[in-house]
Amino acid sequence: MPKFVIGFLLAAGVMSLLTLRLTPALRHDLLVPLVGLRTWAFTLCFLAIGLNTRFRQLLAVERRVVLVFSAGVAFNLVVGYVLSTIVFGSQWAALH
């Protein structure tokens, strides 16, 4: 299981316990500012999946393999950015 899933479940549990006894108005005031942070963290999390490069292992392989891998990572970054802009563009515009 990916570590970020465990972290998400723990964070959700902690926030649920912390806000359990708050009034609805106070809960709203506490959680609304976190929505923007959650959106950014979620977006960056999924853009970063697959970017855990092990440089020691790359040094042991052929240069062509490293170039192909790097090209794949660069392609994924561009596609991820474009897709996140399409999906979350209205939310990004609301931040300015």
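The values are calculated or read from the model by the stated rules, or taken from the named source; none is laboratory data. Everything quoted here is computed from the prediction, not taken from an experiment. Heads up, the Cβs are rebuilt from the backbone with ideal geometry, glycines too, and the neighbour counts pull from every protein chain shown. Protein only, heavy atoms only, side chains kept; ligands, DNA and RNA dropped before computing areas. Shrake-Rupley method; radii C 1.70, N 1.55, O 1.52, S 1.80 Å.
Side notes on the structure shown:
- Verdict on Val61 being at pLDDT 85 or above and either open to solvent by less than 70 Å² (accessible area, probe 1.4 Å) or outside any helix (DSSP H, G or I) (or both): no
- The lone criterion from (1) in contact (Cβ under 8 Å) with a residue 12 or more places away in the chain; (2) among the aliphatic types (A, V, I, L, M); (3) more than 26 Å from Trp40 (Cβ to Cβ) left unmet by Val65 is number (1).
- Those residues of the stretch 20-34 which are over 24 Å from Leu95 (Cβ atoms) and part of a helix (DSSP H, G or I), in sequence order: Pro24, Ala25, Leu26
- Residue satisfying all of: in the stretch 42-58; exposed (fewer than 10 other Cβ atoms within 10 Å of the Cβ) and part of a helix (DSSP H, G or I); nearest to the chain's Cα centre (by Cα) among these: Phe55
- Total residues in the stretch 1-39, condition open to solvent by 100 Å² or more (accessible area, probe 1.4 Å) and closer than 30 Å to Asn76 by Cβ: 7
- Boolean, Thr39 is under 23 Å from the mean Cα position of the chain (by Cα) and either acidic (Asp, Glu) or at pLDDT below 80 (or both): no
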